[in-house]
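The next block holds one structure in the form of structure tokens; read it before the comments.
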Amino acid sequence: MQTDQKNTIKGGEFLIKETPAERVFIPEEWSEEQLMIAQTCKDFLETEIYPRLEDIDSMKKPELMPELLDKAGELGLLGTSVPESYGGFGMDFNTSMLVAEVTGAGHSFAVALSAHTGIGTLPILYYGNEEQKAKYLPKLATGEYKAAYCLTEPDSGSDANSGKTKAVLNAEGTHYIINGQKMWITNGGFADIYIVFAKIDDDKNLSAFIVEKTFGGITMNEEEKKMGIKGSSTRQVFFNDCKVPKENMLSERGNGFKIAVNILNIGRIKLAAAAIGACKAVTANAVRYSNERKQFGTAISGFGAIKYKLAEMATRTYASESAAYRAGQNIDDTYRRMVAEGMDEAQAKLKSVEQYAIECAILKVHGSEVLDYVVDEGVQVYGGMGFSADAPMDRAYRDARINRIFEGTNEINRMLTIDMIMRRAMKGEIDLMSAAMAVQKDLTSIPDFGADEDTSFFAAEKKVLANLKKAGLMIAGAAAQKLMQNLSKEQEILMNLADMLIQVYALESALLRTEKLVSKRGEEACKAQIDMSRIYMMEAVDIVNKAGKEAIYSFAEGDDQRLMLMGLKRYTKVQPFNVKEARRRVADLLIEKNEYAF
């Protein structure tokens with residue numbers, strides 16, 4: 001599927017521009033081929049992963065995970081993003097997102113798969129020279145080589161560029177000698193190829209290297225004992241005079257930090273997709289259990305408290321999914337436009353994701369937090385069985401928790417969201433200033449009391465959405481004006497602002513998806529999606545209101561504070577809506593179909 005490339009809004013512009021529903025991609029538009037790929041992934045989980053979850057988590061058979069990756073390689077699941085010329089499938093971005101979603105329900109296997117296909121393979125695909133790509137990509141695409149990514153160190157996590165691992169060119173000028181320690185290395189125990197970040201001499205920035213295990217000088221600690229994803233190999237890796245041929249430097253000297261940042265952008269949105277897959281699997285299990293479990297002579301799915309949980313699980317998943325594939329299509333469209341304009345394909349792939357780095361950060365936070373909500377409520381639906389290791393919620397609950405830490409903590413990603421928007425505004429790439437000034441003018445104008453009401457579909461909801469955007473612009477503009485350079489140090493305010501933007505993007509995505517779906521199927525066929533969009537809207541309004549008030553209280557005083565609080569009240573006003581009945585309708589559909597039904 002391809003949307004209108006010329007009219008695609010740029011990254012971050014969702015805050016100041018409207019997106020017509022016909023220009024977004026929705027998951028209901030997957031092609032037959034894409035649905036077949038998704039089914040292949042589901043079948044693989046059913047036949048190869050789910051029957052072996054205990055064996056995978058016990059790690060008594062260290063060879064098991066590499067063998068499973070080999071089988072995934074035979075099906076082409078390791079080469080989704082690798083071009084056909086290097087032995088892969090060369091799928092577009094949204095299709096690779098679909099693979100990440102479906103396999104995301106695969107617990108520890110999903111982590112091993114995503115580390116290999118993402119941060120392990122993509123640095124070579126996007127930054128490698130022709131010789132490096134030809135040497136490594138075909139074997140990574142089949143699984144003959146397994147990959148790991150070595151960035152984090154004991155004293156450098158979020159502050160990745162402070163790493164102490166050193167690379168020194170030998171006297172002959174033929175090899176870099178790498179010394180250092182890396183930790184939390186996914187796939188570390190069985191990887192053949194490591195993407196290693198190190199500083200050459202006294203460089204300010206990291207450089208990146210492709211390191212083969214056979215180069216020698218590599219040792220590692222035992223497998224880490226972890227809260228969840230127990231079957232994922234996680235090791236500390238030590239480099240002791242590891243000799244790496246100088247031609248194995250990736251990209252240019254000092255370009256490592258840029259590589260790390262750009263690859264993490266891709267990792268963030270793919271993590272969101274994987275979280276959606278896990279959400280759907282957990283919700284389906286919860287629905288089925290609630291239909292089977294009898295209390296007081298009836299299935300617990302008939303109780304309002306259980307219906308509340310099932311409907312909320314589905315609603316939040318629906319919003320996250322809507323946002324993820326909307327952004328994925330934006331990336332695909334931007335990539336095609338850049339290639340059509342003459343840009344190198346590898347560079348276009350990087351630049352298109354970089355364009356939507358703000359959305360990638362938003363989606364990582366939203367997806368991981370929705371998953372945490374879903375697994376928590378999943379345990380609750382199961383009751384006592386939810387706490388038992390014999391039921392599926394135990395593993396789902398523990399495995400979900402890492403996602404708020406992976407790919408940059410959610411706190412870091414919240415602050416990055418605002419930092420990136422502000423930077424783009426200062427560069428003139430996003431016209432936040434004009435939009436913020438328009439809101440200031442609107443604040444002092446006479447409110448619109450509903451004259452000439454728009455009666456088109458979702459008109460009231462779109463008005464609420466537009467007002468939520470105004471609330472974000474009002475507070476962000478005032479905070480920037482008042483605090484100036486110090487805003488970057490006010491992390492609590494940055495996170496308040498990020499929460500407002502995250503809700504705006506998720507809500508808009510859900511509304512656009514439902515609007516497009518209604519245009520294709522009619523309102524009668526989309527009742528549940530309309531209900532979910534409105535349920536989500538009511539909650540988004542509350543979150544924006546709370547975050548907005550906290551931010552205003554943090555930096556504004558006197559008349560400024562009063563004016564903004566009045567504005568926030570106006571911009572978070574919403575017509576009454578019976579959320580209880582809407583949730584019951586959504587839950588009844590789930591219960592009837594006995595699965596995640598969207």
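Observations, loosely collected:
- Qualifying residue in region 112-121 (condition: surrounded by 23 or more Cβ atoms within 10 Å (Cβ to Cβ), part of a strand (DSSP E or B) and in contact with a Phe, Trp or Tyr (Cβ under 6 Å, 6 or more places away or on another chain)): no
To keep it simple, each residue is scored yes or no on (1) free of Cβ contacts under 8 Å to residues at least 12 places away in the same chain; (2) surrounded by 19 or more Cβ atoms within 10 Å (Cβ to Cβ); (3) in a strand (DSSP E or B); (4) not hydrophobic (A, V, I, L, M, F, W, C).
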position: Ile177; (1), (2), (3), (4): no, no, yes, no
position: Ile185; (1), (2), (3), (4): no, yes, yes, no
position: Gly188; (1), (2), (3), (4): no, yes, no, yes
position: Lys225; (1), (2), (3), (4): yes, no, no, yes
position: Ser232; (1), (2), (3), (4): no, yes, no, yes
position: Phe238; (1), (2), (3), (4): no, no, yes, no
position: Cys242; (1), (2), (3), (4): no, yes, yes, no
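- Residue satisfying all of: in region 142-177; of a type in the set (A, V, I, L, M) and farther than 20 Å from Ser233 by Cα; modelled with the lowest pLDDT among these: Ala160
- Within the option set Ile269, Ile263, Ile276, being touching a Pro at 6+ places or on another chain (Cβ under 6 Å), crowded, with 24+ Cβ neighbours inside 10 Å and in a helix (DSSP H, G or I) holds for one residue only, Ile263.
- Scanning region 134-158 for residues that are touching a residue at least 60 places away in the same chain (Cβ under 8 Å), part of a helix (DSSP H, G or I) and not hydroxyl-bearing (Ser, Thr, Tyr) turns up Leu140, Ala141.
- Residue ID - surrounded by the fewest Cβ atoms within 10 Å (Cβ to Cβ), chosen from residues in region 279-298 that are assigned to a loop (DSSP other than H, G, I, E, B) and of a type outside the set (A, V, I, L, M, F, W, C): Gly297
Residue-by-condition table, conditions (1) in contact (Cβ under 8 Å) with a residue 12 or more places away in the chain; (2) closer than 19 Å to Met538 by Cβ:
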position	(1), (2)
Arg423	no, no
Glu429	yes, no
Ser456	no, no
Gln481	no, no
Ala506	yes, yes
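- Restricting region 17-48 to residues that are of a type in the set (A, V, I, L, M, F, W, C) and loosely packed, with under 13 Cβ neighbours inside 10 Å, the residue that is farthest from the chain's Cα centre (by Cα): Met36
- Within region 56-100, the set of residues being among the acidic types (Asp, Glu), under 26 Å from Glu32 (Cα atoms) and in a loop (DSSP other than H, G, I, E, B) comprises just one member, Asp92.
- Pairs where the first residue, in region 86-113, is free of Cβ contacts under 8 Å to residues at least 60 places away in the same chain and within 15 Å of Leu68 (Cα to Cα) and the second is among the aliphatic types (A, V, I, L, M) and in a loop (DSSP other than H, G, I, E, B), C-beta under 8 Å, 6+ apart: Leu113/Leu77; Leu113/Leu78
- Selection status of Arg585, free of Cβ contacts under 8 Å to residues at least 40 places away in the same chain and not small (Gly, Ala, Ser): no
- Test result for Ser434, part of a helix (DSSP H, G or I) and within 30 Å of Phe257 (Cβ to Cβ): no
- Of all residue pairs spaced 6 or more apart or on separate chains, those with beta-carbon atoms under 9 Å, a first member in region 32-51 that is over 19 Å from Ala274 (Cβ atoms) and a second member that is assigned to a helix (DSSP H, G or I) and of a type in the set (Val, Ile, Thr) are Glu33/Thr95.
- Among the residues of this structure, Glu131 does not count as one that is under 20 Å from the mean Cα position of the chain (by Cα), acidic (Asp, Glu) and assigned to a helix (DSSP H, G or I).
- Test: residue in region 549-571 that is surrounded by fewer than 22 Cβ atoms within 10 Å (Cβ to Cβ), assigned to a helix (DSSP H, G or I) and within 28 Å of the chain's Cα centre (by Cα): yes
- Selected residue (criterion: surrounded by the fewest Cβ atoms within 10 Å (Cβ to Cβ)) from residues of region 467-504 that are charged (D, E, K, R) and within 12 Å of Phe555 (Cα to Cα): Glu492
The values are calculated or read from the model by the stated rules, or taken from the named source; none is laboratory data. A quick note: this is a predicted structure, and the numbers were derived from the prediction, not measured. With ideal geometry, Cβ positions are generated from the backbone for all residues, glycine too; neighbour counts draw on all protein chains shown.
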